[in-house]
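Reading through the structure tokens given below for one structure.
The numbers here are math on the coordinates, done by the rules we state, and not lab data. Because the structure is predicted, anything quoted here is derived from the model rather than measured. Neighbour counts run over all protein chains shown; Cβ positions are idealised from the backbone, glycine included.
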Amino acid sequence: MSPTDPRPTGAKPASAPLGWLEPRALDLDSVPTNDGRTLTDVMRTRRSARTMTAPPIEAVAQVVRKTLLADFAGVGSNHGRKLKAVVSAGALHPIQSVIVSGACDPVIYDDDSDQFFSVQVRDDVRLQAFVENCRTVLPDAGGCWVALIADCRDLSSLYTDHQSLLWRDAGAVIQMMALVAEAHGLAFCPLGILGTEIVEALLTNHHHHHAVAVGVMAIGKGEAA
């Protein structure tokens with residue numbers, strides 16, 4: 001092993017939830033999906049789309065939920081670990097998502113409760129900077145922005161040199177979300193930026209050192225939709 005390869009420390013997951021401002025539960029109904037397509041069909045037809053229009057936020061929420069849904073949450077000695085369709089180092093699943101749309105407040109998905117929440121913005125200037133940076137990269141994307149935020153507290157506690165695990169997990173989520181979006185007939189494009197402004201816009205300074213922005217995607221209706 002390389003000296004910088006991650007190694008388990010023997011610690012246990014123990015982190016409290018991130019401090020979102022005034023979370024309010026939302027009821028986002030599911031929407032119909034495209035039936036009859038095999039996994040191979042989805043994998044072979046998936047393409048990044050730089051031009052798209054705004055979708056119903058319920059459709060984007062469904063993509064997020066199917067990507068990040070926990071099928072099992074550990075108890076006892078496995079507390080803090082989860083089983084999901086997407087892979088994660090140590091089954092910790094530190095990646096969380098924020099849906100940013102001009103139609104409503106930012107929306108987060110809580111995999112502990114399998115529930116969406118709207119949250120209030122702490123810094124409007126930083127949120128606007130986030131949106132402007134996204135539009136600079138994809139000026140013709142009129143869809144929703146989905147930002148990924150990693151909570152590094154448990155990951156950094158359970159592994160030495162944890163940084164590579166963080167980026168592997170983020171890449172796995174982006175790839176899975178791309179396939180889920182394709183299966184739902186939605187346009188998808190990763191932006192190649194981190195979206196650091198979203199952390200500053202939504203979380204307190206206390207969380208800035210362990211909440212890391214790890215990517216942004218656009219999800220919307222494709223030109224042929």
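Amide H neighbours of Ala141 under 5 Å, at least 5 residues apart or on other chains, H built in the peptide plane: list them.
Under 5 Å from the amide H of Ala141: Met52.
For the chain, modelled as a GNM with alpha-carbon contacts under 10 angstrom, which of His210, His162, His79 fluctuates the most?
Of His210, His162, His79, the most mobile in the Gaussian network model is His79.
Search the structure for amide H atoms under 5 Å from the amide H of Leu203, placed 1.01 Å from N in the peptide plane, and list their residues when 5 or more places away or on another chain.
none
Evaluate Rg over Rh across the stretch 46-220, taking Cα atoms for both radii and Kirkwood's formula for Rh.
0.95
Given an 8 Å cut-off on Cα distances and at least 6 residues of separation, report the relative contact order of the chain as a percent.
Details: 441 pairs, mean separation 69.8, N = 225.
Reported relative contact order: 31 percent.
P(r) of the stretch 74-171 in 5 Å steps, Cα pairs, percent per bin?
All Cα pairs, binned at 5 Å, distribute as 2, 10, 18, 20, 17, 15, 11, 4, 1, 0 percent.
Cut-off 10 angstrom, C-alpha nodes, Gaussian network model of the chain. Which of Pro13, Pro106, Pro94 fluctuates the most?
Pro13
Give me the dipole magnitude in Debye, nearest 20, for the chain about the Cα centre, with unit charges on the beta carbon: positive for Lys and Arg, negative for Asp and Glu.
580 debye
Cut-off is 10 Å between beta-carbons; in what order do Ser48, Ser97, Ser156 appear when sorted fewest neighbours first?
Ascending Cβ contact count within 10 Å gives the list Ser48, Ser156, Ser97.
Arrange Leu68, Leu202, Leu21 by Cβ neighbour counts within 10 Å, fewest through most, would you?
By the 10 Å Cβ count, ascending: Leu21, Leu68, Leu202.
When Trp20, Trp145, Trp167 are ordered from fewest to most other Cβ atoms inside 10 Å of their Cβ, what list results?
Working: Trp20 21, Trp145 26, Trp167 13.
Going from sparsest to densest Cβ surroundings: Trp167, Trp20, Trp145.
Taking 0.36 nm per residue of separation and subtracting the Cα-Cα distance, what length does fully extending Asn78 through Glu132 add?
15.3 nm
Over the chain, with a Gaussian network built from C-alpha contacts below 10 Å, which listed residue (Ala14, Ala61, Ala91) shows the highest mean-square fluctuation?
Of Ala14, Ala61, Ala91, the Gaussian network model singles out Ala14 as fluctuating most.
Would you mind getting the Kirkwood hydrodynamic radius of the stretch 1-104 from its Cα pairs, rounded to one decimal in Å?
One over the average 1/r among Cα pairs gives 17.6 Å for the stretch 1-104.
Cross-chain or 8 or more residues apart, Cα under 25 Å: how many lysine pairs in the chain fit that? Count them up, please. Write out the running numbers ahead of the final one.
On the way: Lys12/Lys82; Lys12/Lys84; Lys66/Lys82; Lys66/Lys84; Lys66/Lys221.
Value for the chain: 5.
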